[in-house]
Amino acid sequence: MQQRTAYSEVEFEKHVENNRLWFNRFRTTRSFQKLNKPEKAAAFYITQAFVGLAYKYQLRSPRRYTAKSVTEVVSELFPQKIAATNVFFTSVIPVLKRYIVFLGAQHKISNTSTLVRALEAIDVGDLLDGHKNVSKWDPHKRVGMKYLMGYTREIDPKRVKAYEEDYNMGVPLRFCFDLSVNRVPKNIIMLTESLREKFEQILYEKNK
């Protein structure tokens, strides 16, 4: 009888730790050096979020990644669940393409070409549109984007840190900015004014 696989926090942490070790090797490669500055800044958090989302919502380890699973993580789970800037989202595909090739060379996955083709088939514009589609954000991303967009004025660093770890796959809300914890978040937002207005209207409707 085939055993059903259940989510395990221990297994999740194992995948996150493995990714940390693999990424440390990836960072020493010429492939990593070819990324631009924002991509390098976001790279670790992108790989961590990818590995974490794939396990948490698909119960997939790297050896079980498929074209379909990779497409779902990048095109659906990232936009729904990760609170981050536009710069982060435009970096996702370039980073993951190089990282997948690296993992193939390290014999951590065996279907490199298939996964890279799946990533190349994802339109960056569609990914950004998904990220900016407020109606598709899950409740936790809504909270994170409130921090990020400056709607939460009183920032408690401990609460933000807990949010990042518990709901944002460890992705810091200000991952590539050298800012003090007391700086108003809206100073760093790279989102359109129309999105800010749309989000504000949704908050207003919810709180009437």
- Distance from segment 54-74 to segment 131-164 (C-alpha centre basis), Å: 25
- Note on the structure: Taking Cα pairs closer than 8 Å and at least 6 residues apart, the relative contact order of segment 9-183 in percent is 28
- Could you give me the ³J(HN,Hα) list for segment 18-35, computed from phi with Karplus coefficients 6.51, -1.76, 1.60 and θ = phi - 60°, whole Hz, x at Gly and Pro? 4, 5, 4, 5, 5, 5, 4, 6, 4, 5, 8, 8, 5, 4, 4, 5, 7, 5
- Message: Which order do you get for 112, 47, 90 if you rank them by accessible area with a 1.4 Å probe, largest at the top?
- Response: 90, 112, 47
- Query: Can you work out ³J(HN,Hα) from phi for every residue in segment 162-170, in order, using Karplus 6.51 cos²θ - 1.76 cosθ + 1.60 and θ = phi - 60°, giving whole Hz and x for Gly and Pro?
  - Reply: 4, 4, 4, 6, 7, 10, 10, 6, x
- Relative contact order [Cα under 8 Å, 6+ residues apart], segment 10-64, whole percent: 45
- Query: With respect to the cross-link table entries 56/132; 56/108; 40/161; 97/132; 34/141, which display a Cα-Cα separation exceeding 27 Å?
  - Reply: 34/141
- residue 34/residue 7 FRET efficiency (R0 41 Å; Cβ-Cβ; nearest 0.05): 0.70
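The values are calculated or read from the model by the stated rules, or taken from the named source; none is laboratory data. This is a predicted model, so every value here is computed, not measured. So basically every Cβ, Gly included, is an ideal-geometry build from the backbone, and we count neighbours across all protein chains shown. Surface accessibility is based on the protein's heavy atoms, side chains included, excluding ligands, DNA and RNA. Shrake-Rupley method; radii C 1.70, N 1.55, O 1.52, S 1.80 Å.
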